[in-house]
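> Dumping the structure here so I can ask a few things about it.
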Amino acid sequence: MKTIEISKKFRKALEKELKPDRYEHTIGVAYTAASLAMAHGADVEKALIAGFLHDCAKSLSHEEQIKICEKNNIDITDVERRNHSLLHAKVGMYLARTKYDVYDTEILNAIRWHTTGREDMTLLDKIVYIADFIEPGRKPLENMDIIRQEAYKDIDRCLAHILHDSVCYLKTIDKEIDETTMNAYEFYKKYYKEGK
């Protein structure tokens, strides 16, 4: 399928499913992921699809997401049960496969890990994780200009920078941090320290 056809297909489907602001964010992530893929030599179509579908479960309530996981034997951690912002990645991976007919493991994993990150991420995982953070519609966070530049120059440093800032922020507001995020932070922090 050509890139233009992919865009039309998913834009049409997701416009019906998502709230307008979530839809705008999704478009931003899809095209940012595609541009990062071009910059880093990754598969542009895979990046586009993963970007379009990364939040495809966001229109569901937390209770609906839990039901889908329980019905389909998808593991839910205690942290995911308590934090509605985490579970949509697992449910999104499930919906990408069952509702949107995406079977590519690399794409499904990029959707799965776009919220928490993980140790030793693939290039596509990194691209979708970063695109979700830096897309043009995101409200400007501290260091956003620097992080956006890093995204195109040094993807590992960029990833480490986002993880560092996210962990620091969650600690300052005393919010529970998912173990997977902490593991990703520990795995990538050397890239952040090297750049300091």
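A short reminder: the numbers here are calculations on the coordinates, not readings from a lab. Everything numeric in this text was worked out from a predicted model, so none of it was measured. Note that we place each Cβ from the backbone using ideal geometry, even for glycine, and neighbour counts take in every protein chain shown.
> Under the 0.36 nm per residue contour assumption, what length would be gained going from the current alpha-carbon distance of Lys9 and Asp156 to full extension?
Extending this stretch completely gives an extra 49.8 nm.
> Sort 151-162, 77-88 by packing, meaning the average of other beta carbons within 10 Å per residue, with the highest value first.
So the peptides 151-162, 77-88, ranked by packing, come out 151-162, 77-88.
> Evaluate the Kirkwood expression for the hydrodynamic radius of the chain, namely the inverse of the mean inverse distance over all pairs of different C-alpha atoms, and round to one decimal in Å.
Every distinct Cα pair counted, the radius reaches 16.8 Å.
> Moving to a separate point now. If you find the alpha carbon centre of the range 104-150 and of the range 1-52, how far apart are they in angstrom?
13 Å
> Something else now. Report, in deg cm²/dmol and to the nearest 500, the calculated mean residue ellipticity at 222 nm for the chain, where each DSSP H run with n ≥ 4 adds -39500 (n - 2.57) and the sum is divided by the residue count.
Taken over the chain, the calculation gives -22500 deg cm²/dmol.
> So, by mean Cβ neighbours within 10 angstrom, what's the order for 30-40, 59-69 with the highest one leading?
30-40, 59-69
> Would you order Phe187, Phe52 from fewest to most other beta-carbon atoms within 10 Å of each residue's own beta-carbon?
Phe187, Phe52
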